[in-house]
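S.K.: Pasting in a structure now, in structure tokens, and then I'll have a few things to ask.
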Amino acid sequence: MDNIDRWMDKNNIRVNKIKMSKIEGVHSAPKVSVTQKAPLAQKQHNANKMRNLPKRNFNNKTAYKRPVRIMQQAKFVQKDKPAERAVQSAHQQGASSQGANQQTATFQKAPSSNFKKGVLKVIPLGGLNEVGKNMMVFEYEQDIVIVDMGFQFPETDMPGIDYIIPDVSYLDDKKHRIRGILITHGHMDHIGGIAYLIERLNFPPVFATKLTAGFINKQLEEFGLEKRVKLHTFNPDSALLRLGRFEASFFRVNHSIPDATAIVLKTPIGSIVHTGDFKFDESPARDQKPADLQRIAQIGAKGILALFSESTNALEPGHTMTETSIGMKIAELIESAKGRVIIASFSSLIGRIQQILDIAARNNKKVFLSGRSMVDSIEIASKLGYIHYPKDLIKDIRTVSSVADKDVLILTTGSQGEDHSSLKRISEKEHQQVKIRPLDTVIISANPIIGNERAVVSVINNLSKMGAKVIHNRSMDVHVSGHGCQEDLKMMIDLIRPKYLIPIHGEYFMRQAHKMLGLEMGMKDENIVLIENGDVLELTHGRAHFTNQKLSLQHILIDGFGVGDIGTQILNERKQMSENGIVMVLLPVNPKTGKLTGDPDIISRGFVFLKNSEKVVDELAKTAASAYREITKKRSDLKRGEIKHYICTQLEKVAIKQLDRKPLILPIII
């Protein structure tokens, strides 16, 4: 009996599955019954209930007729903070109150647009072939629903860039049709783009679970947008949102952050499931709920046209380890440590942080927080009831020297070796309060994200040289992924039993591996669709096909306060400077005659050491003067920009010939 079977048995859940029959490559209605151990009368009630579930028949167009109109009637208590506002059924144009705590969604018709009737269009604007900036557009006739709006950290060839956000140009003339933004969970690769893009999209309503909304609201406060954004919370166990022709419901999934949810979008032509990031955890961290297998199976039994399922760990065999198993390993290390314990982790790993706080309290240690995101995450999670700890457990990091080493536990950011992060500063002896001592134990409770490996190794080397005992995932299991491995992904397919599987979230080879899992599960090749960012996939009458339309998506780069004002040329110039330096050529010119009044001056940085390269500098100066005289003699009507361009081309030839380098060259006519 494997882990999932044991978990299902422990929770008295029985899922009886019959292999899917195949008719013309289509999975017919699965004979799935979900029951729970109960007295005889309850068993009979459950059996009757399951017999009444609608059966799927993808070859019968009536299987996807519009259901009876369902409006959200769940009661929600209005809170004061924007992050905790009641779920309204969405756009301010049509929301109407039915009572003090009940609200129902209605929408006024948007102006007529060019759209296909009876067609669901799916357009990923990010999240494929990259790690981050997850965003997917679902468009049915005149209604649009967006799932997630994250950002991505810059790639190695993007010097000076802070983040990359999705290109939403496709939505510029459709913003009046956006009925809502649904958020699956609170990681920045799913919420980080909201503050940058929400105003451009005319502030459509945002829907999220309570903890996720708390993180979003913190970001909005930093941008001064918390009062302008309609941010609503929902309970994934009961919420049903009417967003135009879309009906959205939810089910809980496990991830490395609490309150993660999958989304069920019902449309007149069928229902789709978007998993978000997920795994099946039979024993999640304290106070967190396991995935509701019974509910997921019931959703699958109703008939799902397409499953959009994450693929991050599609190459990893087996099930993902449980979060509590990592807590036990960390507890052993903390209890056996002879000096201070420093733990670096993602600040959003609320379940792990809770376990660490519990372990510290049991061992009479004081906890000190280092890193702004760590402080903010614990504050938000604590206020919303997702983290609990004794009042005197957490102390100000500025008082750490007043506590005996054996009683100190420091919880810090920097598990990815990020510049300016707390652990990075500790490793470079630049942290004001924390200096490494020989008996210190440093635990890096995270795996390096692709591209961060070198930075993490550098931090480990520095800490080891200072005498710290450094423990990371290569030496001991001190981290577990929040993403499902192969058996988790197969289990989701088995429970949902979609007609189409669309692997999402991850590089192409990951999604390709997910496709192979679908084939193992008995799905046909033509029913597993690999999409790319900018593709337009159409679902209609039980069929899926690509259109000839392909969006040309650009990297929208965030550099300080600048959004999208950094283009390819600037990036190329930054890269050129970082690799080969810069050469400035000052050409003194008579403003009346246009003739040179002296020899050009050469100023360089990061190119050559001038004292040892006088020959190169002299040749650059002579070439610059010769090029100026030559081009102005041929064409007296040239603009300054054209003259500079010609001088650059001639100087580049010299630099390549003499030093095999191509610096950034800036001719300046004075």
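The values are calculated or read from the model by the stated rules, or taken from the named source; none is laboratory data. In this text the structure is predicted, and so the values were computed from the model without any measurement. Heads up, the Cβs are rebuilt from the backbone with ideal geometry, glycines too, and the neighbour counts pull from every protein chain shown. Protein only, heavy atoms only, side chains kept; ligands, DNA and RNA dropped before computing areas. Shrake-Rupley method; radii C 1.70, N 1.55, O 1.52, S 1.80 Å.
S.K.: In debye, nearest 20: dipole of region 429-473 around its Cα centre with unit charges on the Cβ of K, R (+) and D, E (-)?
M.R.: Details: 6 positive and 3 negative charges, 36 e Å.
Dipole about the Cα centre, nearest 20: 180 debye.
S.K.: Send over a whole-number figure in Å² for the accessible area per residue of region 221-295, probe 1.4 Å. List each step's numbers first, then the result.
M.R.: Values: 2190 Å² over 75 residues.
It amounts to 29 Å² per residue over region 221-295.
S.K.: Please report the spacing between the Cα centers of region 275-324 and region 356-401 in Å, no decimals.
M.R.: 29
S.K.: If you don't mind, another one. With a 10 Å radius around each residue's Cβ, average the other Cβ atoms per peptide and rank 274-281, 437-444, highest first. Mind showing how you got there, number by number?
M.R.: Working: 274-281: 26.4, 437-444: 19.6.
Result, highest mean first: 274-281, 437-444.
S.K.: What is the distance, in nm, between label points placed 7 Å from the Cα along the Cα-to-Cβ direction at residue 203 and at residue 402?
M.R.: 4.5
S.K.: Which order do 399, 632 take when ranked by solvent-accessible area (1.4 Å probe, heavy atoms of all protein chains), largest first?
M.R.: Working: 399 60, 632 40 Å².
My answer, sorted largest first, is 399, 632.
S.K.: Over region 411-547, with every protein chain in place, what whole percent of the accessible area is carbon and sulfur at 1.4 Å, could you tell me?
M.R.: On the way: 2740 of 5530 Å².
That share works out to 50 percent.
S.K.: With unit charges on the beta carbons (Lys and Arg positive, Asp and Glu negative) and the dipole taken about the Cα centre of region 407-550, which residue among 480, 461, 531 sits farthest to the positive side?
M.R.: So the residue we want is 461.
S.K.: Could you tell me what percent of the accessible area of region 135-257 is made up of carbon and sulfur, with a 1.4 Å probe and every protein chain present?
M.R.: Values: 1450 of 3300 Å².
C and S atoms contribute 44 percent here.
S.K.: What whole-number value in Å² describes the accessible area per residue of region 418-489 for a 1.4 Å probe? Could the numbers behind the result be given before it?
M.R.: Working: 3630 Å² over 72 residues.
Heavy-atom SASA per residue in region 418-489 reads 50 Å².
S.K.: Something else now. Might you report the magnitude of the Cβ-based charge dipole of region 250-328 about its Cα centre, with Lys and Arg at +1 and Asp and Glu at -1, to the nearest 20 debye? Don't skip to the end; give the middle numbers.
M.R.: Working: 7 positive and 9 negative charges, 77 e Å.
So the magnitude is around 380 debye.
S.K.: Structure shown: which of 406/465; 424/653; 266/490; 289/435 lie over 32 Å apart, alpha-carbon to alpha-carbon? Walk me through the numbers before you get to the answer.
M.R.: Details: 406/465 21 Å; 424/653 41 Å; 266/490 23 Å; 289/435 39 Å.
Where the Cα-Cα span goes over 32 Å, the pairs concerned are 424/653; 289/435.
S.K.: Where a Cα-Cα gap under 19 Å defines reach, which aspartates and glutamates qualify for residue 499, not counting those fewer than 8 residues away within the same chain?
M.R.: Hits, sequence-local ones excluded: 24, 310, 488, 520, 525, 526, 538.
S.K.: Of 512, 496, 470, which is farthest on the positive side of the dipole of region 440-525, counting Cα position, with +1 on Lys and Arg Cβ, -1 on Asp and Glu Cβ, and the Cα centre as origin?
M.R.: Selected residue: 512.
S.K.: Residue 469: which aspartates and glutamates have alpha carbons under 15 Å from its alpha carbon, excluding same-chain residues fewer than 8 sequence positions away?
M.R.: 332, 335, 405, 440
S.K.: Follow-up question, since we're still on this one. For a quick check of understanding: with a 1.4 angstrom probe and all protein chains in place, what accessible area in square angstrom does residue 639 have, to the nearest ten?
M.R.: Probe radius 1.4 Å; accessible area of residue 639 about 150 Å².
S.K.: Name the residue from 264, 298, 364 whose Cα lies farthest towards the positive end of the charge dipole of region 259-367, charges +1 on Cβ of Lys and Arg and -1 on Cβ of Asp and Glu.
M.R.: Result: 364.
S.K.: So, by mean Cβ neighbours within 10 angstrom, what's the order for 375-381, 644-650, 596-602, 262-268 with the highest one leading?
M.R.: Listed from highest to lowest mean packing, they are 262-268, 375-381, 644-650, 596-602.
S.K.: Within 10 Å of each candidate Cβ there may be at most 12 other Cβ atoms; applying that plus a DSSP loop requirement, which trypsin sites (Lys or Arg not before Pro) in region 441-476 survive? Walk me through the numbers before you get to the answer.
M.R.: Values: sites: 454, 465, 469, 474; in loops: 474.
Filter output for region 441-476: 474.
S.K.: Can you sort 401, 604 by 1.4 Å-probe accessible area, starting with the largest? If you can, show how the numbers build up before the last one.
M.R.: Numbers: 401 100, 604 10 Å².
Final ranking, largest accessible area leading: 401, 604.
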